[in-house]
1. How high is the relative contact order of the stretch 15-102, in percent, counting Cα pairs under 8 Å that sit 6 or more residues apart?
2. Residue separation times 0.36 nm, minus the C-alpha to C-alpha distance between residue 69 and residue 31: what's the value?
3. Which FRET efficiency value, to the nearest 0.05, is calculated for residue 99 and residue 20 with the Förster distance at 22 angstrom and r the Cβ-Cβ distance?
Amino acid sequence: MSRPVSLQLETIELEIGGHIYPLHCNMAVLERLQNGPGEGEIGKLLDLPSYQVVFEIAAAMIEEACEEDPTLPEIPEARLKKICSPAALAKAGIFRMFTAAIMPSMPAEGKNETVSTPDTGSPETENPGN
């Protein structure tokens, strides 16, 4: 039996300059990252130093938050680097949300999950090796 999967995005709130930015890692954020520093391949982000990646991810999330709520002031990445540390952004959950968005969920440790064959109504036949 499979585990239920929530489609609700995790959101964290990041306060910058007296404004609360609701950050999440949705498809629009992943597209920004792919087309920006990922140069068309999201995996290229992982070739960058981790302190740079956390700023790239946070900047993409902030851009998305500003697009969703036009009353929020935009924060250029250069300013973000001056007012936030990579450790603070990582501690806030930026990396965790990103990895959860790009990696399939893994079964909880110690639980055995099996995948059953579909019930087609016909007996199973052996693969002749075509």
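1. Normalised by residue count, the contact order of the stretch 15-102 is 32 percent.
2. 11.8 nm
3. Efficiency, rounded to the nearest 0.05: 0.40.
None of the figures in this text is laboratory data; all of them are computed from the coordinates on show. All figures in this text were calculated on a predicted structure; none of them were measured in a lab. Using ideal geometry, Cβ is built from the backbone for each residue, glycine included, and neighbour counts are taken over all protein chains shown.
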